[in-house]
Every structure is written in C-alpha cells, then in structure tokens.
Ligand code: SF4
C-alpha cells in the first residue's frame, strides 16, 4: 500500500511545489491539501521538494514514518 502523506498546515507556506510535482495527490487551497495517495517515489519527491518540510509520509502497513 502507498505511503500516506499528511501536511502540517502551520508549516505550509502555500507556494505549490508539491502540487507541481504530484498534482493528483496535492492541491492548493489556503494551504496545500492531500487529495489522495500515489506512487511512493512521487510522494517522496514531493516531500523532499517541500521547502519547509511540511509533508510527512507514513507507511500505513507498518505505521512507520518514512519521511522526514
Ligand atoms: S511544497 Fe510544502 S510549502 Fe509548498 S505547498 Fe506543498 S506543503 Fe506547502
């Protein structure tokens, strides 16, 4: 099962890099919101590309935090 992304709304500065990287997973409202999930590599690229590390990835099978 794909990693589950969550966004720290307090940290997000709404500049949209995650939406550009993974538009099926993230959307921009007042802050970025999670629409669903996607391939782990894409989620990791989006999370790593976030300038304020607002994106957390958790493996739903193990409960382990994958990133950061
Ligand atoms: S990349 Fe990070 S700061 Fe930018 S919109 Fe996405 S969650 Fe917010």
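Every number here is computed from the coordinates shown, using simple stated rules; none is lab data. As the structure is a prediction and not an experimental result, all values here were calculated from the model.
Structural descriptor for the range 8-68: relative contact order 29 percent, calculated from alpha carbon pairs under 8 angstrom and at least 6 residues apart. Among 30, 40, 17, determine the one that fluctuates most according to a GNM of the chain built with springs between C-alpha atoms less than 10 Å apart. Comparing 30, 40, 17 in the GNM, the peak value goes to 30.
With helices as the sole contributors, the chain gives -5500 deg cm²/dmol at 222 nm; each DSSP H run of n ≥ 4 counts as -39500 (n - 2.57), and the sum is divided by every residue. Once the Cα atoms are used to define both axes, helix 40-49 deviates from the longest principal axis of the chain by about 40 degrees. Average 1/r across all pairs of distinct alpha carbons in the chain, invert it, and you get the Kirkwood radius: 11.5 Å.
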